[in-house]
Amino acid sequence: MGDMTIRGIEEVRDIFKNAFKGTTTVGIVCDGGVVLASERRATVGYFIASKAAKKIYQIDDSVGMTTAGIVGDAQTLVRIVSVEARLYKMRRGEPMTIRAITTLLANILNAQRMFPFYTQLLVGGVDRTGPHIFSLDPLGGAIEEREAAVTGSGSPIAYGIIEDRYYKGISLDEGVELAVRALHGAMKRDVASGDDIEAVVIAKDMYKELSREEIDKIRNSIS
């Protein structure tokens, strides 16, 4: 292995270390649907680059994706998988399953493992088999999270809150409250997570983005 290859590997490692220092995103499987939520702070090192960064994207009618990492890479993946989902629906007359969308993303990420997309993703939604959440690492490793998943630097705090309060069969309303509570806690202790919160409720034939007023009402009730 030459010096150039070693330096290249070290550079990739440095990018990975810096790419995932910020962000907290949450996905929760509920009774009849899925809740996806994220805070909205974007950081470059210790600099707050944005206080209103978008980190949740709609992929299909009842499928969403949260993103952590480099914004450009995440947006590229959103464009690719959104187009593929629409083409599949046009050709087959039915939407892709959550597992199929995740597999497609995993294949794209794994094919680029030498020049990877610097992202960590949650894919969540509802298909004919019910609600599902999958997490994806930058090299295409996919894990089905049967209850809840969290990514980013604030995940240890958010996981503690979710695991303490989550129960099987939690309603969508309770899932939203729990997701906001978990992010609210992470934002208090993790400097790279902060400012606003965005949240999405996904059920069969429904994709709803919560308003700022709805989220603020929940945050005020748990402060």
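The values are calculated or read from the model by the stated rules, or taken from the named source; none is laboratory data. Fair warning: this is a prediction, and the values are worked out from it, not measured in the lab. When we count neighbours, we look across all protein chains shown, and the Cβ atoms used for this are built from the backbone with ideal geometry, even at glycine.
Taking region 176-223, which residues are among the hydrophobic types (A, V, I, L, M, F, W, C), farther than 21 Å from Ala68 by Cβ and touching a helix residue (DSSP H, G or I) at 6+ places or on another chain (Cβ under 8 Å)? I'd like the intermediate steps shown before the answer.
Start the filter on region 176-223 by keeping residues that are among the hydrophobic types (A, V, I, L, M, F, W, C), which leaves 176, 178-180, 182-183, 186-187, 191-192, 197, 199-203, 206, 210, 215, 218, 222.
Filter once more, so that each one left must be farther than 21 Å from Ala68 by Cβ: 203, 206, 218, 222.
Within region 176-223, Ala203, Ile218, Ile222 meet the criteria.
Somewhere in region 135-142, is a residue in contact with a strand residue (DSSP E or B) (Cβ under 9 Å, 6 or more places away or on another chain), more than 25 Å from Ser193 (Cβ to Cβ) and crowded, with 18+ Cβ neighbours inside 10 Å?
In the first step, residues of region 135-142 are kept if they are in contact with a strand residue (DSSP E or B) (Cβ under 9 Å, 6 or more places away or on another chain); the result is 135-138, 141-142.
Applying the additional criterion that residues be more than 25 Å from Ser193 (Cβ to Cβ) yields none.
Among the residues of region 135-142, not one is in contact with a strand residue (DSSP E or B) (Cβ under 9 Å, 6 or more places away or on another chain), more than 25 Å from Ser193 (Cβ to Cβ) and crowded, with 18+ Cβ neighbours inside 10 Å, which makes the answer no.
Of the candidates Ala106, Ala158, the single residue that is in a helix (DSSP H, G or I) and closer than 21 Å to Leu183 by Cα is Ala158.
Entry remark, region 152-175: residues being farther than 26 Å from Ile48 by Cβ and surrounded by 21 or more Cβ atoms within 10 Å (Cβ to Cβ) number 1 in total. Of the residues that sit in region 8-67 and are assigned to a loop (DSSP other than H, G, I, E, B) and modelled with pLDDT under 75, which one is surrounded by the fewest Cβ atoms within 10 Å (Cβ to Cβ)? So the residue we want is Tyr46. In region 74-89 there is at least one residue that is touching a strand residue (DSSP E or B) at 6+ places or on another chain (Cβ under 7 Å), in a helix (DSSP H, G or I) and in contact (Cβ under 8 Å) with a residue 40 or more places away in the chain.
Return yes or no: is Glu177 among the acidic types (Asp, Glu), closer than 19 Å to Pro156 by Cα and at pLDDT 95 or above? So that I can check it myself, show each step before the final result.
Details: among the acidic types (Asp, Glu): yes; closer than 19 Å to Pro156 by Cα: yes; at pLDDT 95 or above: yes.
When the stated conditions are applied, Glu177 passes them.
Going through (1) within 14 Å of the chain's Cα centre (by Cα); (2) surrounded by 18 or more Cβ atoms within 10 Å (Cβ to Cβ) one by one, Val81 falls short only on (1).
State whether one or more residues within region 109-118 are in a helix (DSSP H, G or I) and of a type in the set (A, V, I, L, M). It would help to see each step written out before you state the result.
Filtering region 109-118 for residues in a helix (DSSP H, G or I) gives 109-111.
Applying the additional criterion that residues be of a type in the set (A, V, I, L, M) yields 109, 111.
Checked against the condition, which is being in a helix (DSSP H, G or I) and of a type in the set (A, V, I, L, M), region 109-118 yields at least one hit.
Scan region 65-110 residue by residue and report those that are in contact with a His (Cβ under 9 Å, 6 or more places away or on another chain) and farther than 12 Å from Ala142 by Cβ. Result: Thr97, single match.
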